[in-house]
Amino acid sequence: MNLQSNDFELFGLAQQFAQDRSVLDARWKELQREAHPDKFAAQGAAAQRVAMQWSVRINEAYQRLKDPLKRAAYLCELNGVPVNAENNTAMPAEFLMQQMEWREALDEARDARDVDALDALARNLRQARRDAETLLARQLDVDHDKAAAAATVRRMMFIAKLGEDLAEAHETLEN
Amino acid sequence: MALLQIAEPGESTAPHQHRLAVGIDLGTTNSLVATVRNSVPVVLTDDKGRALLPSVVRYFADGRTVVGHAAQAAQAQDPRNTIASVKRFMGRGLADVAHVESMPYVFEDAPGMVRLRTAQGAKSPVEVSADILRTLRERAEASLGGPLTGAVITVPAYFDDAQRQATKDAARVAGLEVLRLLNEPTAAAIAYGLDNASEGIYAVYDLGGGTFDISILKLSRGVFEVLATSGDAALGGDDFDHRVYCWLIEASRIGPPGLEDMRTLYMEARRAKEVLSAQDAVHIGLKLSGGEEIDVTLTRDAFADMTKKLVDKTLAPTRKALRDAGLSPEEVKGVVMVGGATRMPHVQRAVGEFFGQEPLTNLDPDKVVAIGAAIQANVLAGNRSADEDWLLLDVIPLSLGLETMGGLVEKIIPRNSTIPTARAQEFTTFKDGQTAMAIHVVQGERERVSDCRSLARFELRGIPPMVAGAARIRVSFQVDADGLLSVSAREMGTGIEARIEVKPSYGLGDDEVTRMLREGFEHAQEDMSARALAEQRVEAQRLGEATRAALAADGDLLDPAERAAIDAVLVDLAKAAAAEDTPAIKKAIDALGRSTDEFAARRMNRSIQRALAGRSVESL
């Protein structure tokens, strides 16, 4: 194991999409217990520097592994099929229609300061995310179809961005 | 000085040797110092048995400086030279300071951070804070009977980078080795969690003299994980005093008061607030310097009404923190109240209503932060025993980003990321032949640069001329375990590297810190006596032995030339230790530290690799 090991190797987990969140959280804490700079606070600059490198690397891997979207994108990349979201903007028409509808719903709810409408939209997005995760599990772990998974990831990125804007709208309404 | 002190990760390096370490709560109103003595955390008191040191410093024209109760008592008498609540000015420019008009100080706007003009000249808030910290250090050393190995200093979780950096500099100026900057609510959670052996989700509501923090933590066996934090770095008990002060002036129909009256009225406002935590009404009767008489009664309900907005102002960040943690109020198992301002009944009521449960107030809200800091300091100094082994995973409170085209912010590290953390982003040039790029680092949540706090600006030069968009400039952000940021930028497109490191600055240059350090030493002459010689010899011997042990264990990490270099330094060290020249021994010790730095790093790396590999095997 070294700083260049991939996230799954570092965490000692099978290189697949399906992961148990509680196992992942426990592994994260176990690894930080060994490498966190606090463990070496009294031992000088060199120790702090190295501990920090490891601790940063463990946090980076954890951030990527615990987020289904990032984990899926990472798996695609490890398998030589980078997601390349910037250069792959082609989406099924049906999906784009749905996105436009949701965008409009968000704008309307924001303008009308309608918290219930925002909540309803949030529920829809959660469902869409869950569906996409089920799909990714099949594409990555069963069919091993990385190209199809990459396309799913690109669609999920739209939904994630919409989710961020939705959270922001929620925040604005509350304050 | 190096990791040569390392035995194995997790093991105590020298079990027989107890290092003197303290936790310091550097508060807006009061400051405290605590330590762990015989496994029990205790707050250290002054020679009159008082635990709280008022965070007030008075500067006399003759060069004397008085800190604490005596300074506090002189506030009305000498308002200009008696600085209170200086924490509000840490890392702040004049434009950021609220209620300037009702403060008795003469401010000077210096780049980055205000200065306060006193009888001893312009004082930076860093210097004033250092005077408070020095008093606490002296108290601790007198009480513990020796120099301190290090200190954990607490900061509000919602402090930004400039405020944290200013606090760390103040500690340096006060002659303290900072083991860690620790977030105040996290410190409280340590004190509370260990005391109650708690598990589950806890909220820490920390309303101090000048700052408000809310942190949501997950306590599990041996791990304190901060899930989210939010707050307001300029909201606290002082604002409640200010409301009462304004009410006093209105109700008594007096004109704008002079400096001395202003201070008297403020002290009276504070007293009234404190009395109302225990009584339903308070009478305020006093005579001002111009002969005007004040004779009014303030009821608890009227006080609650006039400060309701302030209490409500704490609930918005509370909601935000819960949302960031992905939790609802019902999922919180307990709410820990911290800070003197949480004694106000209407604050407790509002928090209780929000979370649907009685908040926990069984620990002294004034002392809990210092106690938690002391417990953490004890662990960081290496005094821990196996059963006290826990881990603290904290987060950064505010997003860090860069200015991009059109004055917009590109977030690089989002708020509530677990620290330490690092993130890099690539940018490119937008003009043909562009050879330099301005990099502007900001902190905050808003979209526009002008609404965020500017932390640092620097320029990356020496980019080879290329067509627009061809250069690849990688900007890396790194946040350490103190929550402090460093930024580097590098041109990657060609083989040529241009690279610069910045520590965000708030206007206090390194030379200024050096000057303050020197002045600090002039105040307390360094002890160059026989004791110092003996101490340096012990240190030299200890380091020599540790280095030889490290070479025996991991000598294979060095090539012959590297090995020979370290051996030579060891010989020099032994020679120096045999002579009588204390500074020469110190120099030889430093030389050993420098020459073993790389070796230390490699050993550390091997040691962590082994520990992590051990973990993997266990879990299979």
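Give a residue-ordered list of calculated ³J(HN,Hα) values for segment A:35-40 (Karplus: 6.51 cos²θ - 1.76 cosθ + 1.60, θ = phi - 60°; whole Hz; x for Gly, Pro).
Computed from phi, the couplings for segment A:35-40 are 10, 4, x, 4, 5, 10 Hz.
So if a site counts as exposed when it's one of the chymotrypsin sites (Phe, Trp or Tyr not before Pro), its DSSP state isn't H, G, I, E or B, and it has at most 15 other Cβ atoms within 10 Å, what's the longest stretch of chain B without one?
Values: sites that count: B:Phe60, B:Phe430.
The segment B:61-429 is the longest one with no such site.
When we measure straight from the Cα of B:Lys287, which aspartates and glutamates land under 15 angstrom away, once same-chain ones fewer than 8 places off are left out?
B:Glu260, B:Asp261, B:Glu268, B:Asp295
Over the whole of A:59-67, what's the average partner chain Cβ count within 10 Å per residue? Rounded to a whole number, please.
Values: counts 7, 3, 0, 1, 5, 0, 0, 0, 0.
For peptide A:59-67, the averaged partner shielding equals 2.
Would you mind computing the Rg to Rh ratio of segment B:349-430 from its alpha-carbon coordinates, Kirkwood style for Rh?
Working: Rg = 20.3 Å, Rh = 17.4 Å.
My calculation puts Rg/Rh at 1.17.
Enter the Cα centre distance for the pair segment B:306-325 and segment B:449-488, rounded to the nearest angstrom.
33 Å
Taking the Cα atoms only, what angle lies between the long axis of helix A:93-111 and the longest principal axis of chain A, rounded to 10 degrees?
The angle comes out near 80 degrees.
Can you return the lysines within cross-link range of B:Lys367? Criterion is Cα-Cα under 24 Å, with same-chain partners fewer than 8 residues away left out.
Once the sequence-local lysines are set aside, what remains near B:Lys367 is B:Lys48, B:Lys87, B:Lys168, B:Lys218, B:Lys273, B:Lys333.
Could you work out [θ]222 nm for the protein assembly as shown from helices alone, using -39500 (n - 2.57) per DSSP H run of at least four and dividing by all its residues? Round to the nearest 500 deg cm²/dmol. It would help to have the intermediate numbers written out before the result.
Numbers: 22 runs with 353 residues, N = 795.
Only helices count here, giving -14500 deg cm²/dmol.
Over the whole of A:22-35, what's the average partner chain Cβ count within 10 Å per residue? Rounded to a whole number, please.
Values: counts 0, 1, 0, 4, 3, 3, 4, 7, 8, 5, 6, 9, 12, 8.
What the average comes to for A:22-35 is 5.
Once both axes come from the Cα atoms, what is the angle between helix B:510-523 and the longest principal axis of chain B, in degrees from 0 to 90, rounded to 10?
Computed tilt is about 80 degrees.
Working from the alpha-carbon coordinates of chain B, get Rg over Rh, Rh being the Kirkwood radius. Could you put the intermediate results ahead of the total?
On the way: Rg = 26.3 Å, Rh = 26.7 Å.
Reported Rg/Rh, Kirkwood definition of Rh: 0.99.
Using θ = phi - 60° and the Karplus curve 6.51 cos²θ - 1.76 cosθ + 1.60, what whole-Hz ³J(HN,Hα) does each residue of segment B:419-424 get, with Gly and Pro shown as x?
For segment B:419-424, the Karplus curve yields 9, x, 8, 9, 8, 10 Hz.
Can you tell me the orientation of helix B:597-619 relative to chain B, as the angle in degrees between its alpha-carbon axis and the longest Cα principal axis, to the nearest 10?
Approximately 80 degrees, to the nearest ten.
To the nearest 0.05, what FRET efficiency results for A:Leu78 and B:Ala70 with a Förster distance of 60 Å applied to their C-beta separation? Present the calculation step by step, with values, prior to reporting the outcome.
Values: r = 66 Å, r/R0 = 1.10.
The value I calculate is 0.35.
Assign one of three labels to segment B:118-265, namely rounded, prolate or oblate, based on the Cα gyration tensor with a ≥ b ≥ c the square roots of its eigenvalues; rounded applies when a/c is under 1.5, prolate when it is not and a/b is larger than b/c, and oblate otherwise.
Values: a/c = 2.37, a/b = 1.30, b/c = 1.82.
Oblate, since a/c reaches 1.5 and b/c is not below a/b.
Take the alpha-carbon centre of segment B:532-580, take the same for segment B:110-183, and report the distance between them in whole Å.
The two parts, judged by their Cα centres, are 34 Å apart.
Residue-wise, which Karplus ³J(HN,Hα) couplings in Hz belong to segment B:93-98, taking 6.51 cos²θ - 1.76 cosθ + 1.60, θ = phi - 60°, and x for glycine or proline?
Calculated HN-Hα couplings, in order: x, 4, 5, 7, 8, 7 Hz.
Taking amide hydrogens as modeled 1.01 Å from N in the peptide plane, which residues meet the under 5 Å criterion relative to B:Leu391, leaving out close sequence neighbours?
Here the answer is B:Val223, B:Phe224, since their amide H atoms fall under 5 Å of that of B:Leu391.
Residues of B:216-225, mean number of Cβ from any other protein chain within 10 Å of their own Cβ, rounded to a whole number?
Details: counts 0, 0, 1, 0, 3, 1, 2, 7, 0, 4.
For this peptide, the per-residue mean of nearby foreign Cβ atoms is 2.
Among all the lysines, which ones have a C-alpha under 21 Å from A:Lys70's C-alpha, if same-chain residues fewer than 8 places away are not counted?
Cross-link targets: A:Lys29, A:Lys146, A:Lys161, B:Lys411.
Using only the Cα atoms, what convex hull volume per residue in Å³ does the protein assembly as shown have?
Numbers: hull volume 150.3 nm³, N = 795.
With only Cα atoms used, the protein assembly as shown gives 189 Å³ per residue.
Each reported figure results from applying straightforward, stated rules to the coordinates on display, with no laboratory input. Remember, it's a predicted structure, so these values are computed and weren't measured experimentally. Heads up, the Cβs are rebuilt from the backbone with ideal geometry, glycines too, and the neighbour counts pull from every protein chain shown.
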